[in-house]
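Below is one structure; the comments refer to it alone.
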Amino acid sequence: MHSNKLFNRTRWQLAGWYAIVLGLLLGICGVAVYQVVFHTQRYILQQKLQSLAGTLHDTIEPQLQQPGQLSSSFKTILPGLCLWNENCYSSGNEGARHTARVFQQEGYYLRFLDESGRVLATSGEQPNVLKRFAPGEFWQILNCSKGDRFYQISVLLRTKDGWPWGYLQIGRSLKEWDAYLNTLRLFLFLGLPFAILLVGGSSWWLAGVAMRPIYQSYRQMQQFTSDAAHELRTPLAVIQTTVEDTRLAEDLTEVNQNLDIIERQNIRLSRLVKDLLFICRIEQQQIQTQLQSCCLNDLICDLVEELAGLAMIVEVELKLEIRASQAVVILGDEAQLYRMVTNLITNGINYTPAGGIILAILDGTDKEAIIQVQDTGVGIAPAEQTRIFDRFYRVQSDRSRATGGTGLGLSIASAIAVAHQGSIQVQSELGKGSTFTIRLPLK
Ligand code: ADP
């Protein structure tokens, strides 16, 4: 496949397309995963801040009397609260420091602002940015100069009488969150090219696997075309030279002889074309097999009787052995079955030297019929045994041509066996003989 430019290019193209499509899909999946993680994390954070803000709001609001005024009960509710005019973190205020530490550990901070946005009290590590609460803007992201980010919720507080008191702001550092998302982004960003490389490699391999059977049938087609052309060339060349000879012929006897040659070649060509058409049609299931009950005992007896004369001419013995105890009946096309067994027996006769024996055996199990044709002929080398069922393949071309063989006999037999849901196999030893075994399912 590597040596064939067309297939090699197609393989690269296929692999490229696979890699692009899968890479795009992986990219989309990566973005989707990132979005899902991002939104889930943000949702969790919002839920935490909201519940904290809700609890504080409900606890504090009933204590609020004057707008912008912190009542003394605030310190009881939030012991670590640091008022704007106190220097809590340096004045040894243990409560404030403790609350700040707790908030800090969790990354939270808290502050109260009056309506004008002035800080009244704080708790926890404060971001050094103060963003005013604008009506409707509950959620804010604060960007500090150091690059740290904070997520903050602002809630409007009202006095007992329903007057606006000021704001409660609760926020949390996004340091961990940002670090987590950065790692995820980096992982996806670096992972994608690596995944595309892997996908590209496996696409290349997959394209090769997918194209292998196509390449094989392409090679078979090429082989078939060149074999068919080769087979047709010889008789056509003979016809051409004979026609030229005939033009120069001086007497009628020579002309008649030449016409005989042309006729023989024509018959050979017609047989070849007919056989080829038969194989093609039976393989494409275009031939309607006339399925009927066929008694193989009768079929094989008739055949052996018919071919006995041919065997006698070449001085070989053709014998029949029926091993099946009952009649072996299958559902099939009698004419085709006849042709299949004929091909095997005539091959046995053609490839067995004088004095040899050809034995046709009929046997059967409860599931299948078995026909065997054994001969004591020239045999077939192991390397050739897999190829003899290929169209036009011949082990001994000269001998095959001399016996009128087209190199299609076994292909036809095999195609017929397959069309009857059966199989055909060969066992052979060079110089000792061959055994062809056909197995067909019983009716
Ligand atoms: P052909 O028309 O040439 O006989 P086949 O397809 O029937 O074509 O057989 C293919 C080749 O297999 C033959 O050319 C021959 O070399 C070999 N072959 C087939 N049958 C036998 C056999 N019984 N003994 C030895 N060789 C055989």
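The values are calculated or read from the model by the stated rules, or taken from the named source; none is laboratory data. The structure displayed is predicted, hence computed values, not measured ones. FYI the Cβ positions are ideal-geometry reconstructions off the backbone, even for glycines, and counts take in every protein chain you see. Please note that ligands, DNA and RNA were not included when accessible areas were found on the heavy atoms of the full protein model with its side chains. Shrake-Rupley method; radii C 1.70, N 1.55, O 1.52, S 1.80 Å.
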- Task: Counting only C-alpha contacts under 8 Å and six or more residues apart, can you give the relative contact order of segment 141-218 as a whole percent?
- Result: 19
- Query: Roughly how tilted is helix 5-60, in degrees to the nearest 10 and between 0 and 90, from the longest Cα axis of the chain?
  - Reply: 20
- segment 136-202-segment 410-443 distance, computed between alpha-carbon centres (Å): 76
- Item | Intensity falloff of segment 293-443 expressed as log10 I(q)/I(0), Debye formula with alpha-carbon point scatterers, at q = 0.08, 0.17, 0.20 Å⁻¹ | -0.20, -0.94, -1.31
- Message: Suppose we keep just the alpha-carbon trace of segment 329-371; what are its Rg and Dmax in angstrom?
- Response: 12.7, 37
- Query: Under a plain spin-label model, where a point goes 7 Å from the Cα along Cα-to-Cβ, how far apart in nm are Gln257 and Ile141?
  - Reply: 10.3
- Note on segment 294-350: contact order normalised by length, alpha-carbon pairs under 8 Å, 6 or more apart, percent, works out to 52
- Query: In square angstrom, rounded to the nearest 10, how much accessible surface does Cys295 have for a 1.4 Å probe?
  - Reply: 40
- Query: What is the extension gain from His230 to Val418, computed as 0.36 nm multiplied by their sequence separation minus the C-alpha to C-alpha distance, in nm to one decimal?
  - Reply: 65.0 nm
- Nearest 10 degrees, 0 to 90: what angle lies between the long axis of helix 252-283 and the longest principal axis of the chain (Cα atoms)? 30
- The long-range amide H neighbours of Leu320, using H built 1.01 Å from N in the peptide plane and a cut-off of under 5 Å, are Ala360
- Taking only Cα atoms, what is the 0 to 90° angle, nearest 10, from helix 334-350's long axis to the longest principal axis of the chain? 70
- Largest-first ellipsoid semi-axes for segment 177-261, taking √(5λ) over the Cα gyration tensor eigenvalues, angstrom: 74, 9, 5
- Relative contact order, percent, of the chain when contacts are C-alpha pairs under 8 Å separated by at least 6 residues? 11
- Item | Rg(Cα) / (2.2 N^0.38 Å) computed for the chain, rounded to two decimals | 2.12
- Query: Within the chain, how many Lys pairs sit with Cα atoms under 26 Å apart, leaving out pairs fewer than 8 places apart on the same chain?
  - Reply: 12
- What does the accessible area of Thr376 come to, in Å² to the nearest 10, when a probe of 1.4 Å is used? 70
- Message: Between segment 1-56 and segment 247-285, how far is it from one alpha carbon centroid to the other, in angstrom?
- Response: 67
